[in-house]
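Remarks on the structure that follows.
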Amino acid sequence: MLQNAPLYRLLADDLEAAIVRGALPSGARLSSVRQCAAQRALSFNTVTAAYRLLEDRGLIEARPQSGYYVKSSLPAPESPLRDEPGDVLIQAAETRDLVAVVLQSQQRADYADLALACPRGAIFYPGGKLARLAAGILRKQPSLIASYALPPGSARLRSQIARRGMLLGMCLRPEDIILTHGAMEALQLALRAVTRPGDTVGVESPTYFNLYPLLASLGLKALEIPTDPQHGLSLDVLELLLAEKRLSAVVAMPTVHNPLGCTMSLAGKARLAQLANRYQTPLIEDALYAELQFGATLSPTVKSFDHAGWVIVCASYTKTLAPDFRIGWMEAGRFSEQVRQLKFTSSIAEPALLAETVGQFLEGGGYDHHLRVLRRLYSRQIDTVRGLIARWFPAGTRATRPAGGFLLWLEFPDSVDTLVLFHAALAERITIMPGMLYSAGARYRHCLRLSCCHELDERFMAALRRLGELASRQCSSASVLDGAQMPAPQLLIERA
């Protein structure tokens with residue numbers, strides 16, 4: 001029977017056996033169709049049919065302009081992480097303490113960072129090209145160093161941002177774009193423009209950890225809305241809250257969500273914009289990772305469906321281009337004038353040299369090439385890390401399959417407390433971000449966010465493997481660890 005099977009099926013069975021026994025591990029790239037045909041003396045069509053069969057079996061996946069890769073067997077979270085919204089007062093003290101420990105460890109060369117979403121390494125940024133551009137600008141315009149930057153800032157950069165907005169479905173005008181000191185200032189300006197102290201803001205759950213301290217600093221309350229790890233914000237719950245007039249604004253990341261990595265469907269984004277317009281409630285759209293989508297076609301922003309100016313879109317180039325430049329931007333719709341005034345009174349304008357450098361890099365086409373490289377790199381790294389998690393972490397661990405970016409959200413078995421894991425890892429000079437930071441109510445004690453934006457070198461691999469061992473140890477002795485008294489975070493970092 002086996003001898004009479006078609007050649008393409010025999011090839012598919014042979015490759016499947018290699019995948020099952022680990023000879024082709026998760027994230028491994030298969031030979032190209034042409035290479036495989038030459039190596040095995042088969043026709044191009046035979047190899048193509050075998051690869052398609054492996055795709056149908058869910059064992060491999062095709063990546064545009066990259067090839068075929070072995071898929072991870074690690075399961076992804078399948079259902080909403082929380083079923084009901086929760087109206088909570090933000091408690092920022094514990095978040096600040098934990099984040100302070102993580103930030104402090106970044107200054108220590110002997111710590112391995114699995115925590116922060118801050119790409120580190122020359123392969124992630126075109127540093128040399130930007131340095132040459134900046135030097136050239138200074139040679140031609142030395143007066144920039146001795147001049148004050150004034151709003152609205154670099155016309156070249158704002159023009160390029162508007163041009164690139166079309167790739168994400170937006171029709172932006174350069175004169176409507178406000179340059180900011182990174183995406184965090186953009187979020188802060190947007191919130192200050194549309195809320196007052198005491199207001200309630202709808203946020204995704206889980207959501208970006210630094211959003212809670214930001215809201216607290218503005219005297220705002222957070223109302224957490226269930227967010228599906230595959231489909232994003234629950235629009236049914238949001239509509240109910242809007243109809244009850246319980247929200248003054250909404251902050252959401254519908255494209256490549258942090259920390260879940262998911263992207264809402266086009267229908268979902270259109271409905272989200274429609275809800276903001278119908279209930280005349282500002283939606284602050286964080287599009288920080290929107291240009292790091294893995295798909296061949298970029299999913300548009302919610303802003304692209306906005307026709308009445310109720311959507312404020314915010315983004316920056318810190319994750320993709322120049323982190324220390326801190327060049328961000330926003331388009332504030334009907335709130336543009338309020339935001340301009342707030343920007344002037346808070347930080348006036350962005351440095352002209354840095355803005356012109358980024359503007360020239362975008363204008364010259366270098367950014368598009370850089371993004372193509374980044375997307376392929378992060379997609380490979382995500383798959384590689386998922387495969388290692390499947391091999392090294394406790395049975396029952398789940399991890400998201402991001403639509404872009406470089407972040408993984410892990411769900412451990414309930415017996416794992418990631419705050420305990422945080423301290424255990426920190427004692428071994430490994431930093432992680434426990435899931436409790438991503439909710440004001442500490443709801444995700446069995447979850448953590450893992451960053452895959454560092455070179456996957458021997459040190460990273462060793463830290464990841466050790467983290468898996470620590471989590472597995474906690475699973476096997478949960479009753480002991482649950483009752484353990486953990487020392488204060490600041491003492492751990494000093495003793496480590």
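Here, each number is a calculation from the coordinates, and none is a lab measurement. Computed from a predicted model, the values in this text were never measured in an experiment. Positions of Cβ are backbone-derived with ideal geometry, glycine not excepted, and every protein chain shown enters the neighbour counts.
Of the cross-linked pairs 129/303; 140/303; 129/269; 319/343; 71/319, which ones have a Cα-Cα span greater than 29 Å in the structure shown? Don't skip to the end; give the middle numbers.
Numbers: 129/303 31 Å; 140/303 37 Å; 129/269 36 Å; 319/343 22 Å; 71/319 26 Å.
From 129/303; 140/303; 129/269; 319/343; 71/319, over 29 Å: 129/303; 140/303; 129/269.
Taking every C-alpha pair closer than 8 Å and separated by at least 6 residues, the mean separation divided by the residue count of segment 301-393 gives a relative contact order of 19 percent.
Each Lys and Arg Cβ is given +1 and each Asp and Glu Cβ -1; about its Cα centre, the chain then shows a dipole of about 1320 debye.
Treating only the Cβ of Lys, Arg, Asp and Glu as charged (+1, +1, -1, -1), what charge dipole size does segment 337-424 show about its Cα centre? Round to the nearest 20 debye. List each step's numbers first, then the result.
Values: 10 positive and 9 negative charges, 81 e Å.
In debye, rounded to 20, segment 337-424 gives about 400.
Put a dot 7 Å past the Cα of residue 96, heading toward its Cβ, do the same for residue 38, and the two dots end up 6.2 nm apart. Computed from phi, the 3J(HN,Hα) profile of segment 272-280 under the Karplus parametrisation 6.51, -1.76, 1.60 (θ = phi - 60°) reads 4, 5, 5, 5, 4, 6, 5, 9, 6 Hz, with x in place of Gly and Pro. Take every pair of alpha-carbon atoms less than 8 Å apart whose residues are at least six positions apart; their mean separation over the length of segment 322-453 yields a relative contact order of 18 percent. Per residue, the Cα convex hull of segment 359-484 amounts to 129 Å³. For the chain, dividing the convex hull volume of the Cα atoms by the residue count gives 168 Å³ per residue.
Here the 3J(HN,Hα) profile of segment 33-50, calculated from phi with Karplus coefficients 6.51, -1.76 and 1.60 at θ = phi - 60°, is 4, 5, 5, 4, 4, 5, 5, 10, 6, 10, 7, 4, 5, 5, 5, 4, 5, 5 Hz, Gly and Pro shown as x. Using the Karplus relation 6.51 cos²θ - 1.76 cosθ + 1.60 with θ = phi - 60°, the per-residue 3J(HN,Hα) values for segment 390-398 come to 4, 8, 10, 9, x, 4, x, 5, 10 Hz, with x marking Gly and Pro.
Could you compute Rg(Cα) / (2.2 N^0.38 Å) for segment 284-410, with N its residue count? If you can, show how the numbers build up before the last one.
Working: Rg = 18.0 Å, N = 127, 2.2 N^0.38 = 13.9 Å.
So segment 284-410 has a normalised radius of gyration of 1.30.
Consider a paramagnetic label point 7 Å from the Cα of residue 363 along Cα→Cβ; state which residues of segment 154-185 have an amide N under 19 Å from it. Only 154-166, 173-180 pass the distance filter.
Between residue 131 and residue 462, the simple spin-label model (points 7 angstrom out along Cα→Cβ) gives 2.9 nm. What residue among 281, 407, 444 has its Cα farthest toward the positive end of the dipole of the chain, where the charges are +1 on Lys, Arg and -1 on Asp, Glu, each on the Cβ? Value computed over the given set: 407.
A simple count of charges around residue 218, restricted to other residues whose Cβ falls under 14 Å of its Cβ and scoring Lys, Arg +1 and Asp, Glu -1, yields +1. Using the alpha-carbon positions of segment 117-164, Rg (one decimal) and Dmax (whole number) come out as 14.0, 36 Å. When the chain is described by a simple charge dipole with +1 on each Lys and Arg Cβ and -1 on each Asp and Glu Cβ, the residue from 22, 268, 193 located farthest towards its positive end is 22.
Computed extension length for residue 217-residue 176: 12.0 nm, one decimal, from 0.36 nm per residue of separation with the Cα-Cα distance subtracted.
Could you compute the net charge surrounding residue 75? Neighbours are other residues with a C-beta less than 13 Å from the C-beta of residue 75; K and R count +1, D and E count -1. Can you show the working numbers first?
Numbers: positive: 71, 386, 398, 401; negative: 78, 411.
Neighbour charge sum, excluding residue 75 itself: +2.
Charged neighbours of residue 285, selected by a Cβ distance under 11 Å, balance to -1 (K, R count +1; D, E count -1). By the rule of a C-alpha distance below 14 Å, with chain neighbours fewer than 8 residues away ignored, the aspartates and glutamates paired with residue 221 are 87, 199, 204. Subtracting the Cα-Cα distance of residue 73 and residue 103 from their residue separation scaled by 0.36 nm leaves 7.5 nm. Taking 0.36 nm per residue of sequence separation and removing the Cα-Cα distance, the residue 477/residue 52 pair yields an extension gain of 148.6 nm.
In units of the rule-of-thumb radius 2.2 N^0.38 Å, segment 1-46 shows an alpha carbon radius of gyration of 1.21.
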